[in-house]
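Written out below as structure tokens is the structure these notes cover.
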Amino acid sequence: MPSSQTTKQYGEAAPPGPMQRLRRVYDEYPAQFWALILGMFIDRLGGALVFPFLTLYITKKFGITMTQLGLLIGLFSITNLVGNTLGGALADRVGRKVTLLFGLVVSALTSMLMGWANSILVLSASLVIIGLFADVGGPAAQAMVADLLPEEKRAQGFGLMRVVANLAVAIGPAIGGVLAVQSYLYLFIGDAITSIITAVFCLAVLKETRPPSPTSSEREGMLQTLRGYGRAARDRPFVAFVLTTMLVVFVALQLHTTLSVYLRDVHQISERECGYVLSLNATMVVLFQFYVTRHVKGFQPFLLLAAGSALYGLGYALYGFVSSYTLFLAAMVVVTFGEMVFVPAAQALVARMSPEDMRGRYMAAYGYSWIIPGIVGPPLIGWIMDNMDPRWAWYAIGLLGVVATVGFILLHRRIGHSLATNRLPQTQPSTARAAPLPSSDAAGCSPPT
């Protein structure tokens, strides 16, 4: 009978430890991807200093009503739609890196402008400028992920971006609270500094990832590049996907618009307890997003979106039926699993449906599915809560989740097979060739620690 020493020596290898697993995950992705992730974490950390306190800053300093605040947020969202469109075109026209750097530098300048604003007029102008330029780099960053990673790795790559974004959300407000006690201006200074640090880092480390363009595209003017959005608008499968996603986003946006007010005013939940509900969402994403994305990667994308939509709708609908704090937390668990399934799968699907030479514009067009519901959704749900039984808002949101689920199932039946075999004629690239993926050895940067 073999001894335990013999078994240990010749039997199955011991399972890898945590550091070995982390190293394996790191080795699966090019170093340029990790550099982008690190840069995005630094920038998101700066944004997380400001956003939890922005409404407090505006209402306290300028003494405006919640209605006026809502109009300012709506103004920001409308200009953000324009900025997102510009960012997608720039990412395809001048390149991902230049567009990303431009967005970071302008974001730093406009953040300081808002911190120094001494009148509601200057504040409004600041929000317009921020809306136009702060998210210009967003489509470029997403296009970079699609450029750097092969198709089978993209959902996990976008999942990792969400992990670092939520990690920043978990850390930033704690630092921001300390700064805000001293002066709100320190929040905007901190945001500007992190944007500049990110810009310098990206300038030094990141390489351009835009695939080579055909000769005709290189001669294309900016106006022609913007007209390229018409090609995305004529891509019927993509448009159907974006419209169905809008229904889900109407549901998803309640996390940061309606939920806290509902819990406080209807169920007398304190601000601190509301914060715990929101923190549960961010913590779960940090801990479980990568695990969830890896374990659902074999499923058909539209069926994943249907499952995420169903979980989203079910979780939010529960808020209309339950009344205990424990069940509020349980509902958030359901919502967060829906989010972890849906968001990376949707971003990866955009990359899959978009032609190589139009990835930036397709990413920007997908952004409409988040911006437009942000303009229309909160006032509609607010009207329901002000004029009807507030629970009906959650019933309506749950119904939207059901409709979106059915929509994605129908899309799977109509174009799922074509998507699986890459036979969607509207989304094939013209003659552009993909740039080779940079290897870890040739990436030219040190791995993040």
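Got at least one residue in the range 418-429 being assigned by TED's automatic domain parsing to the domain that holds Leu303, at pLDDT 80 or above, assigned to a helix (DSSP H, G or I) and not hydrophobic (A, V, I, L, M, F, W, C)? No, because not a single residue in the range 418-429 is assigned by TED's automatic domain parsing to the domain that holds Leu303, at pLDDT 80 or above, assigned to a helix (DSSP H, G or I) and not hydrophobic (A, V, I, L, M, F, W, C).
Which ones in the range 24-82 are among the basic types (Lys, Arg) and under 24 Å from Ile197 (Cβ atoms)? Show your work before the answer.
Our first condition is that a residue be among the basic types (Lys, Arg); within the range 24-82, this holds for 24, 44, 60-61.
Result: Arg44, single match.
Would you check which residues across the range 87-109 are more than 21 Å from the chain's Cα centre (by Cα) and either surrounded by fewer than 19 Cβ atoms within 10 Å (Cβ to Cβ) or not basic (Lys, Arg) (or both) and list them? Break it down into steps so the answer makes sense when it comes.
Step one: of the range 87-109, the residues more than 21 Å from the chain's Cα centre (by Cα) are 93-94, 109.
The answer is Val94, Leu109.
The residue list Phe51, Phe76, Phe102, Phe62 contains one member that is touching a Leu at 6+ places or on another chain (Cβ under 6 Å) and assigned by TED's automatic domain parsing to the domain that holds Asp135, which is Phe76. Test Ala134 against the stated conditions and say whether it is under 20 Å from the mean Cα position of the chain (by Cα), closer than 17 Å to Ser111 by Cα and touching a residue at least 40 places away in the same chain (Cβ under 8 Å). Here the answer is yes, as Ala134 does meet what is asked.
Cβ-Cβ contacts under 6 Å between residues 6 or more apart (or on different chains), taken from a first residue in the range 250-262 that is more than 15 Å from Ala396 (Cα to Cα) and in the same structural domain as Asp389 (by TED's automatic domain parsing) to a second residue that is modelled with pLDDT of 75 or more and in a helix (DSSP H, G or I), are listed as Ser260/Cys274. Considered as a group, the residues in the range 291-320 that are crowded, with 19+ Cβ neighbours inside 10 Å and of a type in the set (Phe, Trp, Tyr) include one that is nearest to Phe241 (Cα to Cα), and that residue is Phe302.
Please work out which residue is surrounded by the fewest Cβ atoms within 10 Å (Cβ to Cβ), limiting yourself to the range 184-214 and to residues that are in a loop (DSSP other than H, G, I, E, B) and of a type outside the set (S, T, N, Q).
Filtering the range 184-214 for residues that are in a loop (DSSP other than H, G, I, E, B) and of a type outside the set (S, T, N, Q), the one surrounded by the fewest Cβ atoms within 10 Å (Cβ to Cβ) comes out as Glu208.
All conditions in (1) surrounded by fewer than 22 Cβ atoms within 10 Å (Cβ to Cβ); (2) within 30 Å of Lys297 (Cβ to Cβ); (3) among the aromatic types (Phe, Trp, Tyr) hold for Phe241, with the sole exception of (1). The C-beta contact set for the range 369-385 (first residue outside the structural domain of Val239 (by TED's automatic domain parsing), second residue in a helix (DSSP H, G or I), distance under 7 angstrom, 6+ apart or interchain) is empty.
Where in the range 1-95 are there helices (runs of 4 or more DSSP H), lying wholly inside it, with at least 3 residues that are of a type in the set (A, V, I, L, M, F, W, C) and either in contact with a Pro (Cβ under 9 Å, 6 or more places away or on another chain) or at pLDDT below 75 (or both)?
Numbers: elements: 4-10, 18-27, 31-50, 54-62, 66-93.
Hits in the range 1-95: 31-50, 66-93.
Right, Leu247: modelled with pLDDT of 90 or more, among the aliphatic types (A, V, I, L, M) and over 30 Å from Leu109 (Cβ atoms) or not? Spelling it out, Leu247 is indeed modelled with pLDDT of 90 or more, among the aliphatic types (A, V, I, L, M) and over 30 Å from Leu109 (Cβ atoms).
Test Gly275 against the stated conditions and say whether it is part of a helix (DSSP H, G or I), more than 22 Å from Gly159 (Cα to Cα) and without any contact (Cβ under 8 Å) to a residue 60 or more places away in the chain.
Values: part of a helix (DSSP H, G or I): yes; more than 22 Å from Gly159 (Cα to Cα): yes; without any contact (Cβ under 8 Å) to a residue 60 or more places away in the chain: yes.
So Gly275 fits the description; yes.
For the range 342-397, taking the residues that are of a type in the set (Ser, Thr, Tyr), assigned to a helix (DSSP H, G or I) and buried (at least 22 other Cβ atoms within 10 Å of the Cβ), the one that is farthest from the chain's Cα centre (by Cα) is identified as Tyr362.
The values are calculated or read from the model by the stated rules, or taken from the named source; none is laboratory data. Everything numeric here is computed off the predicted structure, so don't read it as measured data. So basically every Cβ, Gly included, is an ideal-geometry build from the backbone, and we count neighbours across all protein chains shown.
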